[in-house]
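Undergrad: Provided herewith is a single structure, encoded as structure tokens, for subsequent inquiry.
The values are calculated or read from the model by the stated rules, or taken from the named source; none is laboratory data. Everything numeric here is computed off the predicted structure, so don't read it as measured data. We place every Cβ from the backbone using ideal geometry, glycine too, and count neighbours over all the protein chains shown.
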Amino acid sequence: MDVSARKRSFQPSRSWIVLTTGLLVLCAAACDPPGKPGPAEIAPENIVDFQTLYGQNCAACHGADGKNGPGRIINDPLYLAVLPRDTLRQIIQYGRPGTSMPAWDQREGGPLSPKQINALVNGIENNWAKPVHFATAFPSYTGQGTTGDSGRGQKLFLRDCFACHGPGARVGTVTGADYVSLVTDQMLRTSIIVGRPDLGMPDYRFLNLGHVLSDQDIADLVAFLSSKRPAGITAMYESAQNRINESQSGQQGGSTGQHVNESGSGQGGVLTKGNEGSGTGPGSPRQQKNEGNKSTGSSSLGGPK
Amino acid sequence: MNTLKRIAVWLDDRLHLTALWASSAGHEVPASSGSWWYVFGSATLLCFVIQVISGACLAFVYIPSTNEAYTSLQYLNHVQFWGWYLRGIHYWGSNFMVAFMSAHMIQVFLFGAYKYPRELTWLSGLFLLLCTLGMAFTGQVMRWDQDAYWGLSIGAAILGRIPLIGGGLVHLVLAGPIIAGETLSRFFTLHVFIIPGLIIAIVGMHLRLVLAKGINEYPRPGHRVRRATYDAEYAEIIRKEGVPFVPQAIDKDLIFSAVTLVLILLFALIVGPKGPHGEPNPTLVDASPRPDFYFLSLFAALALLPDWMETFVMFLGPALAILILIALPFVANTGEKSASRRPAAVLWVILAVLTIVTLAWFGLTSPWSPHMTAWSGDPIPAVYLKGRTPLEMHGALVFQNKQCRNCHALGGVGGERGPALDAVATRLTAPEMVRQVIQGGGNMPAYGKKLTPAEVSALVAFMQTLRPQATPPSQNSAPPENKLPRDVAQILAPTAPSGKHRP
């Protein structure tokens with residue numbers, strides 16, 4: 001009885017067939033079946049999407065979103081304000097020899113083309129640089145022209161850093177020979193200036209309880225830490241940097257200069273240490289640089305044509 | 001009407017169609033063979049027909065040249081109206097063909113159908129299997145992407161190991177010393193003309209033998225095959241319970257074939273075609289080629305073999321397997337057919353299937369293969385960096401920069417070649433870590449020359465933090481005076497390393 005009743009309830013099958021067929025036809029016409037291949041795979045050397053490039057090449061050390069990684073925080077307006085754009089490009093291209101930052105330029109044995117490095121530089125600046133308003137001027141990135149006094153640096157260290165970086169303190173020491181052998185003076189300087197906002201280390205404005213560290217203070221601190229480094233290693237870092245500077249000046253008229261013009265940071269194509277320092281020297285306001293970025297932001301986002 | 005009938009009669013008179021029908025479709029089979037177990041052969045044949053039709057359609061567009069093969073597949077995938085679906089059908093048709101052919105072979109083996117008098121049916125089926133695998137391999141080459149290129153390279157490298165004639169064979173297969181345009185032409189010819197032609201010929205023979213020697217009756221436990229009496233017994237079975245193949249015994253074949261057809265069409269629609277994955281450019285180092293699923297087990301076996309038995313197993317293995325399968329119907333020519341009386345046969349099937357499936361799973365996951373992009377693309381879990389000292393943080397940098405991550409996973413992400421290091425500090429003390437990093441061992445290369453003392457210290461300091469919060473770190477069980485060998489203590493001590501350690 002039940003079975004026959006159910007059979008009978010299926011009797012108006014013609015409308016069912018029409019409905020089902022109609023739905024199937026509609027579906028086939030309207031939506032893409034899941035098996036349809038997506039866009040063709042992009043060859044690795046042609047990827048210029050910032051998120052993809054960053055995720056594949058940088059995220060492992062610098063963190064998934066430019067922070068919370070073991071390497072330098074990049075997603076930090078202060079760092080990007082202090083760091084000249086050309087230096088950012090130079091670091092990506094040539095790496096930091098002797099440290100854990102490798103060279104990424106194909107000409108240096110890395111995997112990335114100039115176009116891709118350009119996309120990374122633009123992506124970092126456009127996504128993570130924000131106008132920062134400061135009461136005072138920035139310290140310069142390289143501190144060129146300031147000579148540090150190690151003795152004064154030691155006093156400053158005891159005053160400003162010891163609470164966290166003294167022996168047995170919460171964060172851990174930075175004066176051990178192993179640690180200072182692994183970091184260059186520039187890395188120490190940058191760490192003092194920008195801190196680690198993602199991990200709780202304050203930047204240069206707050207290390208001395210409300211008193212901003214001066215350019216000289218920072219140089220002294222670096223000199224103190226640098227004095228803890230075993231002999232020979234500092235010379236190694238310097239010779240490696242000199243090699244970069246030489247190969248930089250060799251390519252100066254080439255593509256590097258061109259990218260600088262594309263990015264429109266207006267700092268010229270000269271990337272040597274001295275010029276970086278003068279480019280964003282003490283007192284050069286961040287707002288200016290950011291306006292420069294904004295005006296070219298849309299064109300740099302799309303990458304090179 | 002009358003004219004039509006007269007034409008039909010004339011045609012039948014000239015072509016003997018009725019006789020052909022009666023002797024083929026209408027031939028009598030044991031009623032017991034109209035079983036769901038007997039459907040895999042016809043399903044395989046259906047797959048082959050689908051492959052021929054879809055393959056012919058693909059050949060209208062496909063260009064067998066190294067310059068254009070990849071592009072023409074992209075054209076099929078993205079431009080040609082439903083071209084991707086055609087590729088999907090061809091791909092899934094091949095998958096189902098290999099799967100059903102294997103099922104058919106297992107069924108024939110378990111039902112003792114290879115025994116007297118059907119030895120040649122088994123042998124022709126075996127050659128069909130080899131031809132189908134040949135189609136699968138040459139078909140993979142047609143895709144002309146990274147999988148194709150490296151699959152071909154591995155195939156050629158295997159051939160090259162054959163003593164004396166290896167080099168000549170490679171030259172013959174690749175149409176030259178390297179993979180080039182002529183290689184593709186050669187494999188196109190094999191895939192489109194020679195092997196399909198062979199398959200059609202052998203299928204003809206296979207079916208002819210099924211008709212001539214009759215389909216195997218459903219085995220009954222206790223009924224032993226004897227050469228002297230079997231033919232008469234079979235004739236008796238046909239006389240007593242014989243039914244014409246069409247229409248009595250074909251119904252289940254038709255239903256299963258219809259299901260197969262729907263499955264192939266659905267899989268092509270839902271999963272779609274495979275690849276092409278990346279251009280076949282040998283200079284792209286981040287290629288991660290994998291063969292199609294039918295060769296995954298072979299891929300895994302070759303990858304997992306110890307070096308010293310590679311050549312041995314590569315040639316003796318397949319040769320032995322084929323020889324055993326050829327000898328099978330002659331060695332086990334008579335006796336029990338029913339699987340319930342042949343426990344060894346059942347065990348062999350279980351062993352073979354388990355081996356192949358397990359190896360294929362390993363081939364799919366390939367845990368022996370380092371993840372070459374892990375060091376730059378897989379972030380260290382933030383929880384492993386919280387509250388770490390600057391030196392430990394720097395150790396994490398060294399860990400990534402020296403590509404430890406490519407073989408050692410953290411937080412479940414990274415290579416699986418070496419052990420995951422999430423809790424390494426509970427297994428190794430700091431000196432043990434230093435020794436392992438510097439000297440390597442247990443399948444790990446020595447990194448002593450690639451790391452400065454400071455980098456080793458930082459790395460070990462970081463790894464010493466890798467343990468669950470409540471678990472104490474590993475401790476040296478040796479007496480205290482032996483705790484640090486002098487040279488290790490020297491390495492660990494923060495003394496001034498000389499500049500020569502640096503590049």
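Undergrad: Go through segment A:218-243 and give me each residue that's of a type in the set (A, V, I, L, M), crowded, with 17+ Cβ neighbours inside 10 Å and more than 11 Å from A:GLY98 (Cβ to Cβ).
TA: So the first thing to find is which residues in segment A:218-243 are of a type in the set (A, V, I, L, M), and the list is A:218-219, A:221-223, A:225, A:231, A:233, A:235-236, A:240.
Now drop any that are not crowded, with 17+ Cβ neighbours inside 10 Å, which leaves A:218-219, A:221-223, A:225, A:233, A:236, A:240.
Within segment A:218-243, A:ILE218, A:ALA219, A:LEU221, A:VAL222, A:ALA223, A:LEU225 qualify.
Undergrad: Still on this structure, I have one more. Being at pLDDT below 95, facing chain B (nearest Cβ under 7 Å) and crowded, with 22+ Cβ neighbours inside 10 Å narrows it down to one residue among A:PRO44, A:PRO70; which is it? Don't jump to the end; show me each part of the working.
TA: Numbers: A:PRO44 fails: crowded, with 22+ Cβ neighbours inside 10 Å.
Matching residue, one of A:PRO44, A:PRO70: A:PRO70.
Yes/no per residue for (1) outside any helix (DSSP H, G or I); (2) under 23 Å from B:ILE200 (Cβ atoms); (3) modelled with pLDDT under 95:
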| residue | (1), (2), (3) |
| --- | --- |
| B:VAL29 | yes, no, yes |
| B:GLY41 | no, yes, no |
| B:THR44 | no, yes, no |
| B:VAL49 | no, yes, no |
| B:SER54 | no, yes, no |
| B:LEU58 | no, yes, no |
| B:PRO64 | yes, yes, yes |
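Undergrad: Further, regarding this structure: Scan segment A:34-72 for residues that are of a type in the set (Ser, Thr, Tyr) and farther than 17 Å from A:GLN93 by Cβ and jot them down.
TA: Step one: filter segment A:34-72 for residues of a type in the set (Ser, Thr, Tyr), giving A:52, A:54.
Answer for segment A:34-72, where residues must be of a type in the set (Ser, Thr, Tyr) and farther than 17 Å from A:GLN93 by Cβ: just A:THR52.
Undergrad: A follow-up question, please. Among the numbered criteria (1) under 25 Å from B:LEU130 (Cα atoms); (2) touching a residue at least 60 places away in the same chain (Cβ under 8 Å); (3) surrounded by fewer than 20 Cβ atoms within 10 Å (Cβ to Cβ), which one does B:ALA352 miss?
TA: The single condition B:ALA352 does not satisfy is (2).
Undergrad: Considering segment A:53-67 alone, what residues qualify as being closer than 15 Å to A:ASN118 by Cβ and either in a loop (DSSP other than H, G, I, E, B) or at the interface with chain B (Cβ under 10 Å from one of its Cβ atoms) (or both)? Steps first, please.
TA: Filtering segment A:53-67 for residues closer than 15 Å to A:ASN118 by Cβ gives A:53-54, A:57-58.
Once the filter is applied, which keeps residues that are closer than 15 Å to A:ASN118 by Cβ and either in a loop (DSSP other than H, G, I, E, B) or at the interface with chain B (Cβ under 10 Å from one of its Cβ atoms) (or both), segment A:53-67 yields A:TYR54, A:ASN57, A:CYS58.
Undergrad: Scan the helices (runs of 4 or more DSSP H) fully inside segment A:124-225 and keep the ones with 3 or more residues being more than 24 Å from A:ASN68 (Cα to Cα) and outside the structural domain of A:CYS58 (by TED's automatic domain parsing).
TA: On the way: elements: A:150-160, A:162-165, A:177-182, A:185-194.
Per the criteria, A:150-160.
Undergrad: Any idea how many residues of segment B:349-399 are in contact with a Phe, Trp or Tyr (Cβ under 9 Å, 6 or more places away or on another chain), in a loop (DSSP other than H, G, I, E, B) and more than 8 Å from chain A (Cβ to nearest Cβ)?
TA: 2
Undergrad: Which residues, taken from segment B:75-87, are over 15 Å from A:GLY35 (Cα atoms) and within 9 Å of chain A (Cβ to nearest Cβ)?
TA: none
Undergrad: Which is within 30 Å of B:VAL271 (Cβ to Cβ) and not hydroxyl-bearing (Ser, Thr, Tyr), of A:PRO77, A:PRO97, A:PRO39? Walk me through how you get there before you give the answer.
TA: Values: A:PRO77 fails: within 30 Å of B:VAL271 (Cβ to Cβ); A:PRO97 fails: within 30 Å of B:VAL271 (Cβ to Cβ).
After applying the criteria, what remains is A:PRO39.
Undergrad: So if I check each of A:LEU88, A:LEU80, A:LEU156, which one is away from chain B (no Cβ under 14 Å), closer than 21 Å to A:ARG229 by Cα and not polar (S, T, N, Q)?
TA: Details: A:LEU88 fails: closer than 21 Å to A:ARG229 by Cα; A:LEU80 fails: closer than 21 Å to A:ARG229 by Cα.
A:LEU156 is the lone residue from the list that is away from chain B (no Cβ under 14 Å), closer than 21 Å to A:ARG229 by Cα and not polar (S, T, N, Q).
Undergrad: With segment B:190-271 as the region, which helices (runs of 4 or more DSSP H) entirely inside it contain at least 2 residues that are of a type in the set (Ser, Thr, Tyr), within 17 Å of B:PHE40 (Cα to Cα) and within 14 Å of chain A (Cβ to nearest Cβ)? Give the derivation first.
TA: Values: elements: B:195-213, B:230-241, B:251-270.
By residue number, no helices (runs of 4 or more DSSP H) qualify.
Undergrad: While we're looking at this one, here's another question. Residues in segment A:204-214: is at least one over 25 Å from the mean Cα position of the chain (by Cα), modelled with pLDDT under 85, surrounded by fewer than 16 Cβ atoms within 10 Å (Cβ to Cβ) and within 13 Å of chain B (Cβ to nearest Cβ)?
TA: no
Undergrad: Looking at B:TYR114 and the list (1) modelled with pLDDT of 95 or more; (2) over 13 Å from B:PRO273 (Cβ atoms); (3) assigned to a helix (DSSP H, G or I), which single condition is not satisfied?
TA: (3)
Undergrad: Report, by residue number, each residue of segment B:410-427 that is away from every other protein chain (no Cβ under 13 Å) and assigned to a loop (DSSP other than H, G, I, E, B). Give the steps one after another, and end with the answer.
TA: Filtering segment B:410-427 for residues away from every other protein chain (no Cβ under 13 Å) gives B:412, B:416-427.
Selection gives B:GLY412, B:GLU416, B:ARG417, B:GLY418, B:PRO419, B:ALA420, B:LEU421, B:ASP422, B:ALA423, B:ARG427.
Undergrad: Working only within segment B:446-464, note down all residues that are out of contact with any Gly (no Cβ under 9 Å at 6 or more places or on another chain) and more than 13 Å from chain A (Cβ to nearest Cβ).
TA: Across segment B:446-464, the qualifying residue is only B:LYS449.
Undergrad: If you don't mind, there's one more thing I want to ask. Kindly evaluate A:ARG14 against the criterion of being in a helix (DSSP H, G or I), among the charged types (D, E, K, R), more than 9 Å from chain B (Cβ to nearest Cβ) and without any contact (Cβ under 8 Å) to a residue 40 or more places away in the chain. Before you say what the answer is, go through the steps one by one.
TA: Numbers: in a helix (DSSP H, G or I): yes; among the charged types (D, E, K, R): yes; more than 9 Å from chain B (Cβ to nearest Cβ): yes; without any contact (Cβ under 8 Å) to a residue 40 or more places away in the chain: yes.
Taking the combined requirement at face value, the residue satisfies it.
Undergrad: Condition first: surrounded by 16 or more Cβ atoms within 10 Å (Cβ to Cβ), over 30 Å from B:MET393 (Cβ atoms) and either not assigned by TED's automatic domain parsing to the domain that holds A:GLY95 or not acidic (Asp, Glu) (or both). Can you find one or more residues in segment A:47-57 that meet it?
TA: There is at least one residue in segment A:47-57 that is surrounded by 16 or more Cβ atoms within 10 Å (Cβ to Cβ), over 30 Å from B:MET393 (Cβ atoms) and either not assigned by TED's automatic domain parsing to the domain that holds A:GLY95 or not acidic (Asp, Glu) (or both).
Undergrad: Test B:PHE362 against the stated conditions and say whether it is in contact with a helix residue (DSSP H, G or I) (Cβ under 7 Å, 6 or more places away or on another chain), among the aromatic types (Phe, Trp, Tyr) and crowded, with 17+ Cβ neighbours inside 10 Å.
TA: Details: in contact with a helix residue (DSSP H, G or I) (Cβ under 7 Å, 6 or more places away or on another chain): yes; among the aromatic types (Phe, Trp, Tyr): yes; crowded, with 17+ Cβ neighbours inside 10 Å: yes.
So B:PHE362 fits the description; yes.
Undergrad: Kindly provide the set of residues from segment B:94-122 that are under 28 Å from B:ALA180 (Cα atoms) and away from every other protein chain (no Cβ under 14 Å), ordered by number.
TA: Within segment B:94-122, the first condition is being under 28 Å from B:ALA180 (Cα atoms), and the residues that meet it are B:94-95.
Residue satisfying the conditions is B:SER94 alone.
Undergrad: Let me spell it out: the conditions are (1) in a helix (DSSP H, G or I); (2) farther than 19 Å from B:GLN51 by Cα, and B:LEU128 meets all of them except one. Which number is the exception?
TA: (2)
Undergrad: Might you let me know whether segment B:290-302 holds any residue that is in the same structural domain as B:GLY83 (by TED's automatic domain parsing) and loosely packed, with under 15 Cβ neighbours inside 10 Å?
TA: First, the residues of segment B:290-302 that are in the same structural domain as B:GLY83 (by TED's automatic domain parsing): B:290-302.
This time we only want the ones that are loosely packed, with under 15 Cβ neighbours inside 10 Å, so: none.
No, that holds for no residue.
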